[in-house]
1. For residue 63, which sequence-distant residues (separation of 5 or more, or a different chain) have an amide H within less than 5 Å of its own amide H, given hydrogens modelled in the peptide plane?
2. Under the 0.36 nm per residue contour assumption, what length would be gained going from the current alpha-carbon distance of residue 63 and residue 167 to full extension?
3. Rolling a 1.4 angstrom probe over the protein heavy atoms, how many square angstrom per residue are accessible across segment 74-122?
4. Applying 1/(1 + (r/R0)^6) with R0 = 25 Å to the Cβ-Cβ distance of residue 189 and residue 38, what FRET efficiency is obtained, to the nearest 0.05?
5. Place the peptides 47-57, 33-43, 117-127 in order of packing, highest mean first, counting for every residue the other Cβ atoms within 10 Å and averaging per peptide.
6. With θ set to phi - 60° and the Karplus curve 6.51 cos²θ - 1.76 cosθ + 1.60, what are the ³J(HN,Hα) couplings of segment 193-201 in order, to the nearest whole Hz, using x for Gly and Pro?
7. 5 Å is the cut-off here: which amide hydrogens, built 1.01 Å from N in the peptide plane, fall below it relative to residue 76, excluding neighbours closer than 5 in sequence?
8. Would you kindly state how much longer the chain becomes between residue 209 and residue 27 on full extension, computed as 0.36 nm times their sequence separation minus their alpha carbon distance, in nm to one decimal?
Amino acid sequence: MNGEKFQFMELMDQGGVVMWLLLAFSIIALAFIVERFIALWRAKINVNEFLQKIRKALIVNRSVGEAVKVCEQYRGPVASVMKVGLLKHGQPKEDVEKAVENAALYEMGRLERGLVVLATTANVAPLLGFFGTVTGMIRSFDALAAAGLSNPGLVASGIKEALITTAGGLAVAIPVQIAYNYFMSRINKFVREIETAANMLLETFAEMDRSGIAAEGIGAEKRQ
């Protein structure tokens with residue numbers, strides 16, 4: 001363990017300032033990766049089961065309050081958006097759609113929080129590595145110009161720094177990019193679930209309105 005720690009510190013020193021910058025980026029990115037993984041995992045629900053309960057409350061029991069309570073039993077963006085839509089029941093369809101759209105945008109912002117840090121790290125880390133490559137090559141050519149070919153060790157140290165920083169930049173960028181792509185795929189799935197839930201809610205409201213009008217008509221015929 002001590003040998004590995006010594007080797008790591010030696011690589012950091014040989015890589016220069018760029019390697020310490022890459023280390024800082026990697027620590028920050030790791031913190032956001034862990035936080036986003038936990039947040040998205042907590043936001044996951046069984047959408048089919050959830051929507052079935054909502055439809056039962058609205059169509060069978062004809063109770064918006066019961067449907068709101070179902071939303072409060074679940075966590076995540078789908079339940080939050082559905083609750084906003086349910087609270088707008090009875091208002092014009094355009095108002096319901098606007099409220100649902102605003103709620104969805106808010107939830108999207110919460111889901112995407114911190115992803116800009118991962119995207120920046122994935123883009124900047126290779127550039128930092130290439131920057132270290134350039135500075136290392138400059139140092140090599142300076143050493144070559146000063147000492148000529150009599151001391152190739154000076155040239156080799158600069159080339160080694162260039163290779164270390166390049167490898168370090170890629171070592172940081174590749175896993176961060178993979179994590180970013182994974183989180184985006186999860187978020188896109190949430191978006192599809194929100195759209196499905198919103199469409200179902202609007203269709204259910206329309207069905208409730210139609211059934212209410214039909215019931216009134218039947219009642220009027222019986223009274224006649």
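The values are calculated or read from the model by the stated rules, or taken from the named source; none is laboratory data. The structure displayed is predicted, hence computed values, not measured ones. Because the Cβ atoms are built from the backbone with ideal geometry, glycine has one as well, and the counts that use them run over all protein chains shown. Heads up: the accessible areas ignore ligands, DNA and RNA and are worked out on the full protein's heavy atoms, side chains in. Shrake-Rupley method; radii C 1.70, N 1.55, O 1.52, S 1.80 Å.
1. 58
2. Numbers: separation 104, 0.36 × 104 = 37.44 nm, distance 6.08 nm.
Separation in residues times 0.36 nm, less the Cα-Cα distance, equals 31.4 nm.
3. Numbers: 2580 Å² over 49 residues.
Ligands and nucleic acids excluded, the figure is 53 Å² per residue.
4. Working: r = 17 Å, r/R0 = 0.68.
After rounding to 0.05, the efficiency reads 0.90.
5. On the way: 47-57: 16.7, 33-43: 14.8, 117-127: 18.3.
Averaged packing, sorted descending, gives the order 117-127, 47-57, 33-43.
6. Rounded to whole hertz, the list is 5, 5, 4, 4, 5, 5, 5, 4, 5.
7. For residue 76, no residues qualify.
8. Numbers: separation 182, 0.36 × 182 = 65.52 nm, distance 5.45 nm.
Net length gain for the segment: 60.1 nm.
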